[in-house]
1. Among (1) surrounded by 13 or more Cβ atoms within 10 Å (Cβ to Cβ); (2) closer than 30 Å to residue A:261 by Cβ, there is one condition residue A:407 misses while meeting the rest; what is its number?
2. So, in segment A:231-247, exactly how many residues are outside any helix (DSSP H, G or I), out of contact with any helix residue (DSSP H, G or I) (no Cβ under 7 Å at 6 or more places or on another chain) and closer than 17 Å to residue A:264 by Cα?
3. Scan segment A:697-709 and report the pairs whose first residue is surrounded by fewer than 11 Cβ atoms within 10 Å (Cβ to Cβ) and whose second residue is modelled with pLDDT under 95, with Cβ atoms within less than 6 Å and a gap of 6+ or a chain change.
4. Could you list, ordered by first residue, the pairs with Cβ atoms under 7 Å in which the first is in segment A:220-238 and without any contact (Cβ under 8 Å) to a residue 12 or more places away in the chain and the second is surrounded by 22 or more Cβ atoms within 10 Å (Cβ to Cβ), at least 6 apart or interchain?
5. Restricting to segment A:143-183, count the residues that are surrounded by 22 or more Cβ atoms within 10 Å (Cβ to Cβ) and in a loop (DSSP other than H, G, I, E, B).
6. Would you confirm, using the coordinates I've provided, whether residue A:816 is within 13 Å of RNA strand B (Cβ to nearest atom), at pLDDT below 85 and surrounded by fewer than 16 Cβ atoms within 10 Å (Cβ to Cβ)?
7. Considering each residue of segment A:655-665, count those that are in a helix (DSSP H, G or I) and surrounded by fewer than 18 Cβ atoms within 10 Å (Cβ to Cβ), and give that number.
8. In segment A:321-347, what count of residues is obtained for those that are away from RNA strand B (no atom under 14 Å from the Cβ), assigned to a helix (DSSP H, G or I) and surrounded by 15 or more Cβ atoms within 10 Å (Cβ to Cβ)?
RNA sequence: GGUUCCAUAGCUCAGUUGGGAGAGCACUACCUCGACAAGGUAGGGGUCGCUGGUUCGAGCCCAGUUGGGACCACCA
């Protein structure tokens, strides 16, 4: 070992990563270069909710973005990656309320202002945690531009958008059935409702006709809502019930008369064909009610208890009331049967409680014109490019069937709706600021759906509504958005239509969609299962680089991935391999400097070969990055580093570094240093910490890998002849090893007596055997066996003499070796037969592309050659028996 | 009901416009040789869910089918 190394023999991520991120920040390397001569490349982070810590999904999401941004930065783009967080209205408010509840306090005890102050404190606390986590994962965002959805500029953008949409009739206020969360006591949009199959029941009951001529049977899953029934409906063409249409019926328990109406909404084949109509508690019934001018009787309070229109049930919780209603119906003999059934019930995404369809006055966004614009965009050349493409269908089908969007929320934490009502006249005013005589006006108490502000994120963070802002002009539209398929509807779709509406442009060119991270058993990670894995624990154990490698390696785009400690081990192993290869290079560099790197010297075939392989790897990886195929790119890097560089090139370089003269060593050191440098650059976007650490130790010029140039193909370094020659050499070596392994007896020194190469010695590859030489090798009793016969061109480049012979006598069991060779012969014969069959098929020769046919001919020749060689060896061995 | 994904080695998964089935882990044998034993070398293991079709040629394209998952809609 010729050089003292600071690097330990094992890769220790904790030591490598400590302090590195802070150094990058100190040097301000993540800031856009602002170089106007370069193309801009921008990404905005999907702002995480300030509700808590980040999970593995966030780590995945940000890692992918960081890989993209780091590569683009190295490629010279003027890159902006803008960080930020989302106030996450309902989610955050629910968390803070839960925390307050532990202290026995409700938000009403504090009042709106005080409560919001508490939430701001919470926000600061969690924002700090999130920034710490970002740092640990190593993401290269520009903190100078960090934004928060509730900060001043973004709030202005929200108000501006609201007012403009209101003035364009894209926002309206009205009384409709919405999804109501009785726990959070707020309205929810359709997509905030999660439908789950639950065990419920179908309650069959009878309503008596007012004229006493009998009764009709009705079935419902929500009997408590019958207290708000204002009609009973049948299908207009239902022959069974023609005589009932227009009659009255008595609503049991309430003892009021309600009409029997005919409406095509009723399905004759379903249930009894008679439906109770509750316009205030069901969207379909609401529509029926409108057609027939039915009263809307709302029987519930905002918290899900029955209101004072329900008589004896007043104050009961809705589920308590359900039981009571059923019991009373049974007492009256009106309960026919209870049929158990599994049905789909809406639950609040945030609080988990069962959502109540409820009549309520809310603000809505009129979706039809916005959706149309967004759909039309996808028919143009300038469409948003979804990766993988199939998610465009998901997005479009949602857009095509979208309903109006409820945007008001009965919460305190969020953007207050810029609408005021006159205290006396009730007149409505919508504007950026309160009306002048503000004392006479009262602002709408509601806030906006969180997604209303996040929909503006790609441009509101860039200075919009100031369209002359530098960032907006330079970095909008964004280039790429990275997010999970689970929020295409919530976020991606809304960014697209709002961006089109307000900037006239799509918000981003590409959307890279990834899946979810599951646990090792393939289950979703969830709090209730307790199977969540904290990314920080993974980083502490394996390092951020290993986690990033795993995350970018995990799966094909758009597919879910299972977290796996086995794979984390494999990731660590790979980095350890890189680490040790680098140690080897450094040990043999003496005081080698970057100025001494000279690739024009007398290179060995191995030198020329690895430089060629490097070029191919650069080309492949660059291409795959363009298509966001990081997993495939990683596989190429892995193979290049482990198989080509470590297993072959480093081993061959030892012959030079340990034995040759100084001049030869300098050339090898140059290649080692160059290839390592280029490899570290290629790896840096994926594993920024360890690559930077190693790079600092090897000869290099530049401040940091973060801003070092990304490798490009250098055609002058490629050498196809060297590739052919190396193929021969490698095959030779493998053949020798193969014999040894098969018969479990090592080969011996005479190998080197018979193999002469121009510039590469292969002893080191067979070195294991030397200790056996004395014991097993009897030079007087040598068997000659031909091993490899290479094409003449390659031969002349590599090996003197047309054939390689290995002396095997006394070293192997000839019978066993013959058995093994006959197996091999069968394999080659099979291949020859297959290829010959193909080539003798006129249809193949006529139809297949010329290149394919030519390739088959080459294969034929190659297989025949192998077949002959193996046959020859068998013959020779047989003479020895 | 609609859309969609998955089914490839014991396990987890790749497979890039159709042209000789791959990786990691696990397993077997051997190897402490001046980067790495969390390593090296060699090896075993697959009728690519099933059935048809298109094609000279299908893991890949088409139709159907089985099983599993996801999403959307509906569910009085």
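1. That leaves (2) as the condition not met.
2. 7
3. Sorted first by the residue in segment A:697-709, then by its partner, the pairs are A:701/A:594.
4. So the pair list comes out empty.
5. Residues in segment A:143-183 being surrounded by 22 or more Cβ atoms within 10 Å (Cβ to Cβ) and in a loop (DSSP other than H, G, I, E, B): 2 in total.
6. Yes; evaluated as a whole, the condition is true for this residue.
7. So the count comes out to 4.
8. Looking only at that region, the number is 3.
The values are calculated or read from the model by the stated rules, or taken from the named source; none is laboratory data. What you see is a predicted model; the values in this text were computed from it and never measured. In this analysis, Cβ positions are derived from the backbone assuming ideal geometry, glycine residues included, and neighbour counts consider all displayed protein chains.
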